[in-house]
Amino acid sequence: MEELTTLVRENHKFNVCRLQRYLSAKSLVSNNDTLTVREYSAGQSNPTFLIQTASNSYVLRKKPTGELLPGAHKVDREYKVQKALFSAGFPVPQPLLHCSDAAVIGTEFYVMEHVKGRIFRDLRLPGVIAAERTALYVAAVEVLARLHSLDLVSLNLQGYGRGLGYCKRQVSTWTKQYTAAAHKDIPAMNELSHWLKDNLPANDNEVTLVHGDFRMDNLIFHPTEARVIAVLDWELSTTGQPLADLAYFLMPYYWPKSLNIESMGSLKGVEGIPAVEDLISMYSWRRGIPPALPHLNFYLALSVFKMAGIAQGIYARHLLGNASATNAAQFGQYVEPLAKIALQLSQGSLTGPAEDRLFLQTAKGQAVLQQVKDFMRQYVLPAQEKVAEYYSKYAHSSQRWHTPQIIEDLKVKAREAGLWNLFLPAVSGLSQLDYAYIAEETGRYFFASELFNCRAPDTGNMEVLHMYGSEEQKKKWLEPLLRGEIRSCFCMTEPDVASSDATNMECSLHMDQDLYVINGKKWWSSGAGNPQCKVAIVMCRSTTQDVSSRHGQHSMILVPMDTPGVKVVRPLTVFGQDDAFHGGHFEIHFDNVRVPASNIILGEGRGFEIAQGRLGPGRLHHCMRAVGMAESALELLCQRAATRQTFGKNLYQHEVVAHWIAECRLMIEQTRLLTLCAAHTLDTQGARAARKQIAMIKVAAARMACKVTDCAIQVYGAAGVSGDFPLAQMYSHARTLRIADGPDEVHLSTIAHLELRDQLKKAKL
């Protein structure tokens, strides 16, 4: 964390007296001062020195001596860009003078102010508490977004770089640099260069000022605050694609733990380091751009290619005898491993090597997930505003129960893309684990799951009919549900009994000749308000059988919504909202409703058996959608924390807010892993074996989502509970999850019972 300097290395020595005379002539020092010069031990390019007198300190950067690679070590460009940025109030050391006269100290150089603060040479920030790590990384990405938001004309830097076509130029430049410096043939570097040339982004037309080497160790932080006070090392700066800069900063997130270049080790598993998604969200918010970044795999591969080229150049300078650092010799060994990592990233694997991940998707699952992400970015994100406008416009009209046309149009697109009924393994070919990742993605937006025909309660009802329905029931109800032609609801909870104990259900079912007659009241029947809701699955207590078992008295039966005696009484509200986008939650009465005996599912007394089969996957999907929702809430939290100030600081610089960010990340990651574990168990051992894990995730996911949204609301203050932001709606949904599909307390009792059973089994072994 300190500025490490050494005696000036032999090959970097220059005439200090001549330098002092020059600086005296420029009024920076006096000829009577005692001038001391020490060399910074960090850095691999332009030699950098600390110049001190009794009263002042400066930093000098110079070109290396000897043979240099073409186009490299342009200290005049560093000086020019820092001068422009300092004048604009951007945090850089003040540049004081530039000298092109090689006669002074042997090569061109410039002098800038010496900024005192914290420099973290290890990107993992050892010695810093987790909350401060979070705040420091947030501060770094915030200043990067600020850099990319600067106007080139205002900076008078229009001609500083060549602008458009940045990626093509970068690939060409670093290919040439690598080729000129290569000491042996490395096939992976050649393959990577060809891939980059063949996969250039088609829309490489955004132009901002880019740093070119933006890393944590090129930043100076305030001595006590999580605030960047100076950005260093502008040698590679130019104008071009800002996302390449962001990808370069994110690069260490994708390195395996086995690769450790000086201080640039992998960030995996380091407590307090924000997730990539959080940093991208914050960066995007600061710049006012969508958080979905296209071609990220290209920019990451380009970044690692550039790092490999830099490593090769450092090693080449070692061979030539003019390296800036004493450890330059070891950089030759990094080139090939870096190239192989970049090739992996080029194939879209953005989570690092397989051995670093738990709960891997199948190849098909990964492909479908990427399709879903692309669909969300291309269609769902832009549609949010129109969907919100529809429900706002018809908030007090019966039209609110209808599905907006824009959603119907997107459903057509999703089906044409093959993104349909993804939740049902027998139809989609995906495992529960595969779909868990997809459910998380759709959980980011309230209406997203509907677009893929994956919205509850239809998904649960389709699972029931698929697993337990007769051929007649499947043809009449399952097939149109799978086609998305109709909707359905599930009627279980009752207003007159404690429904957390499902055996209390009193809605009755009895035979009358060849018909079943149903009488009773149900409520919280979600989706019943949608005009396309054509059928309900109703949980009833049988009166025609003498069944001694408490769990053998109930049945499930199909009831068409237009059957005489079915009365949709009223919509219920959740914290004052009727959830029209979800089809509402309705109270429904059944008054001597008569349906054919063929409508019974599986048989009388089989209701609980069906419910257990239905609720396992359904709870899994709910929990992963809750993880996706929590990710969105945390994104909003971080965006607000990075853009609002109180008491002279950004919100994230207050330790309590930094702690909230860190705690939210911990809870989300823990819940995701627990839910993926449940999905894996469901796939490999079945619903019965996964019962405990599913009960655990039902408790953990709802609690986590409540806590994360609550923290986000607190950061937003009064705005958080308003309709101007989605957080209040998120909280409403998260809090409901602690009751829906069984309250926390029932699941905790199940967990305790199963844990005791497992412990007793172990004790007997």
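So which residues in the range 710-765 are assigned to a loop (DSSP other than H, G, I, E, B) and either of a type in the set (Ser, Thr, Tyr) or in contact with a Cys (Cβ under 8 Å, 6 or more places away or on another chain) (or both), if there are any at all? Break it down into steps so the answer makes sense when it comes.
Of the residues in the range 710-765, the ones assigned to a loop (DSSP other than H, G, I, E, B) are 722-726, 738-743, 765.
Within the range 710-765, Ser722, Arg738 qualify.
In the range 385-400, which residue that is outside any loop (DSSP other than H, G, I, E, B) and free of Cβ contacts under 8 Å to residues at least 12 places away in the same chain is farthest from Gly584 (Cα to Cα)? Break it down stepwise before answering.
Here is the first cut: in the range 385-400, the residues outside any loop (DSSP other than H, G, I, E, B) are 385-393, 398-400.
With the extra rule that they be free of Cβ contacts under 8 Å to residues at least 12 places away in the same chain, the set shrinks to 385, 388-389, 392-393, 398-399.
Numbers: Glu385: 20, Ala388: 16, Glu389: 18, Ser392: 15, Lys393: 17, Ser398: 12, Gln399: 13 Å.
The residue in question is Glu385.
Which numbered condition trips up Thr403, out of (1) open to solvent by 10 Å² or more (accessible area, probe 1.4 Å); (2) part of a helix (DSSP H, G or I); (3) under 22 Å from Asn530 (Cα atoms)?
Going through (1) open to solvent by 10 Å² or more (accessible area, probe 1.4 Å); (2) part of a helix (DSSP H, G or I); (3) under 22 Å from Asn530 (Cα atoms) one by one, Thr403 breaks only (2).
Kindly indicate which of Arg61, Arg77, Arg38, Arg18 is over 29 Å from Val128 (Cβ atoms), modelled with pLDDT of 90 or more and within 45 Å of the chain's Cα centre (by Cα). Please lay out each step first, then the result.
Working: Arg61 fails: over 29 Å from Val128 (Cβ atoms); Arg38 fails: over 29 Å from Val128 (Cβ atoms); Arg18 fails: within 45 Å of the chain's Cα centre (by Cα).
Step by step, each of Arg61, Arg77, Arg38, Arg18 is checked, and only Arg77 is over 29 Å from Val128 (Cβ atoms), modelled with pLDDT of 90 or more and within 45 Å of the chain's Cα centre (by Cα).
Would you mind stating whether Thr563 is at pLDDT below 95, out of contact with any Ser or Thr (no Cβ under 8 Å at 6 or more places or on another chain) and β-branched (Val, Ile, Thr)?
Numbers: at pLDDT below 95: no; out of contact with any Ser or Thr (no Cβ under 8 Å at 6 or more places or on another chain): yes; β-branched (Val, Ile, Thr): yes.
The answer is no for Thr563.
Among the residues of the range 585-597, is any closer than 20 Å to Ile486 by Cβ, modelled with pLDDT under 95, among the aliphatic types (A, V, I, L, M) and surrounded by fewer than 22 Cβ atoms within 10 Å (Cβ to Cβ)?
no
Please pick out the residue among Gly717, Gly723 that is at pLDDT below 95 and of a type in the set (Gly, Ala, Ser). Let's see the steps before the verdict.
Numbers: Gly717 fails: at pLDDT below 95.
That would be Gly723, the only listed residue that is at pLDDT below 95 and of a type in the set (Gly, Ala, Ser).
Can we say Leu676 is in a helix (DSSP H, G or I), among the aliphatic types (A, V, I, L, M) and surrounded by 21 or more Cβ atoms within 10 Å (Cβ to Cβ)? Explain how you work it out, then say what you get.
Numbers: in a helix (DSSP H, G or I): yes; among the aliphatic types (A, V, I, L, M): yes; surrounded by 21 or more Cβ atoms within 10 Å (Cβ to Cβ): yes.
Against the criterion (in a helix (DSSP H, G or I), among the aliphatic types (A, V, I, L, M) and surrounded by 21 or more Cβ atoms within 10 Å (Cβ to Cβ)), Leu676 qualifies.
From the list Leu147, Leu152, Leu164, Leu157, pick out the single residue that is under 26 Å from Ala202 (Cβ atoms) and open to solvent by less than 10 Å² (accessible area, probe 1.4 Å). Write out each step before concluding.
On the way: Leu152 fails: open to solvent by less than 10 Å² (accessible area, probe 1.4 Å); Leu164 fails: open to solvent by less than 10 Å² (accessible area, probe 1.4 Å); Leu157 fails: under 26 Å from Ala202 (Cβ atoms).
After applying the criteria, what remains is Leu147.
Which one of the conditions (1) among the aromatic types (Phe, Trp, Tyr); (2) assigned to a helix (DSSP H, G or I); (3) farther than 20 Å from Ala131 by Cβ does Tyr652 fail to meet, given that it meets all the rest?
Result: Tyr652 passes all but (3).
On the given criteria, is Ala611 surrounded by fewer than 24 Cβ atoms within 10 Å (Cβ to Cβ), touching a strand residue (DSSP E or B) at 6+ places or on another chain (Cβ under 7 Å) and assigned to a helix (DSSP H, G or I)? Walk me through how you get there before you give the answer.
Working: surrounded by fewer than 24 Cβ atoms within 10 Å (Cβ to Cβ): yes; touching a strand residue (DSSP E or B) at 6+ places or on another chain (Cβ under 7 Å): no; assigned to a helix (DSSP H, G or I): yes.
Judged against the criteria, Ala611 is not a match.
Tell me the residue from Ala180, Ala226, Ala230 that is in contact with a helix residue (DSSP H, G or I) (Cβ under 7 Å, 6 or more places away or on another chain) and either farther than 25 Å from Leu60 by Cβ or surrounded by 16 or more Cβ atoms within 10 Å (Cβ to Cβ) (or both), please.
On the way: Ala180 fails: in contact with a helix residue (DSSP H, G or I) (Cβ under 7 Å, 6 or more places away or on another chain); Ala230 fails: in contact with a helix residue (DSSP H, G or I) (Cβ under 7 Å, 6 or more places away or on another chain).
Every option except Ala226 fails the conditions.
Just to verify a result, which residue in the range 102-131, among those that are surrounded by fewer than 19 Cβ atoms within 10 Å (Cβ to Cβ), touching a residue at least 60 places away in the same chain (Cβ under 8 Å) and of a type in the set (D, E, K, R), is farthest from Asp217 (Cα to Cα)?
Restricting to residues being surrounded by fewer than 19 Cβ atoms within 10 Å (Cβ to Cβ), touching a residue at least 60 places away in the same chain (Cβ under 8 Å) and of a type in the set (D, E, K, R), the top hit is Lys116.
Select, from Ser398, Ser449, Ser431, the only residue that is within 28 Å of Phe725 (Cβ to Cβ), small (Gly, Ala, Ser) and surrounded by fewer than 20 Cβ atoms within 10 Å (Cβ to Cβ).
Working: Ser449 fails: surrounded by fewer than 20 Cβ atoms within 10 Å (Cβ to Cβ); Ser431 fails: within 28 Å of Phe725 (Cβ to Cβ).
That would be Ser398, the only listed residue that is within 28 Å of Phe725 (Cβ to Cβ), small (Gly, Ala, Ser) and surrounded by fewer than 20 Cβ atoms within 10 Å (Cβ to Cβ).
Can you list residue pairs whose Cβ atoms sit under 8 Å apart, with the first residue in the range 30-48 being hydroxyl-bearing (Ser, Thr, Tyr) and open to solvent by 40 Å² or more (accessible area, probe 1.4 Å) and the second being outside any loop (DSSP other than H, G, I, E, B) and modelled with pLDDT of 90 or more? Count only pairs 6 or more apart in sequence or on different chains.
Ser30/Ser24; Thr36/Ile51; Thr36/Gln52
Mind listing whichever residues of the range 696-755 are farther than 17 Å from Phe575 by Cα and without any contact (Cβ under 8 Å) to a residue 24 or more places away in the chain?
Scanning the range 696-755 gives Gly717, Ser749, Ala752, His753.
Out of all the residues in the range 378-395, which are within 25 Å of Met624 (Cβ to Cβ), open to solvent by 80 Å² or more (accessible area, probe 1.4 Å) and either touching a Leu at 6+ places or on another chain (Cβ under 9 Å) or among the acidic types (Asp, Glu) (or both)?
Correct list: empty.
Can you confirm whether the range 200-214 contains a residue that is within 21 Å of Tyr315 (Cβ to Cβ) and either among the charged types (D, E, K, R) or in contact (Cβ under 8 Å) with a residue 24 or more places away in the chain (or both)? Break it down stepwise before answering.
Taking the range 200-214 first, the residues within 21 Å of Tyr315 (Cβ to Cβ) are 212-213.
So of that shortlist, the ones also either among the charged types (D, E, K, R) or in contact (Cβ under 8 Å) with a residue 24 or more places away in the chain (or both) come out as 212-213.
Yes, the conditions are met somewhere in the range 200-214.
Please list, ordered by residue number, the strands (runs of 3 or more DSSP E) wholly in the range 473-549 having 1 or more residues that are aromatic (Phe, Trp, Tyr) and either modelled with pLDDT of 95 or more or open to solvent by 10 Å² or more (accessible area, probe 1.4 Å) (or both).
On the way: elements: 487-491, 508-512, 515-526, 533-542.
Here the list reads 487-491, 515-526.
Hey, among Ala456, Ala414, Ala439, which residue is free of Cβ contacts under 8 Å to residues at least 40 places away in the same chain, of a type in the set (Gly, Ala, Ser) and surrounded by 16 or more Cβ atoms within 10 Å (Cβ to Cβ)?
Among Ala456, Ala414, Ala439, only Ala414 is free of Cβ contacts under 8 Å to residues at least 40 places away in the same chain, of a type in the set (Gly, Ala, Ser) and surrounded by 16 or more Cβ atoms within 10 Å (Cβ to Cβ).
Test each condition in (1) assigned to a loop (DSSP other than H, G, I, E, B); (2) out of contact with any Cys (no Cβ under 9 Å at 6 or more places or on another chain) for Lys364 and report the one that comes out false.
(1)
The values are calculated or read from the model by the stated rules, or taken from the named source; none is laboratory data. From a predicted model like this one, the values you see are computed outputs, not experimental measurements. Every residue, glycine as well, gets a Cβ built from its backbone with ideal geometry; the counts of neighbours run over all protein chains shown. Protein only, heavy atoms only, side chains kept; ligands, DNA and RNA dropped before computing areas. Shrake-Rupley method; radii C 1.70, N 1.55, O 1.52, S 1.80 Å.
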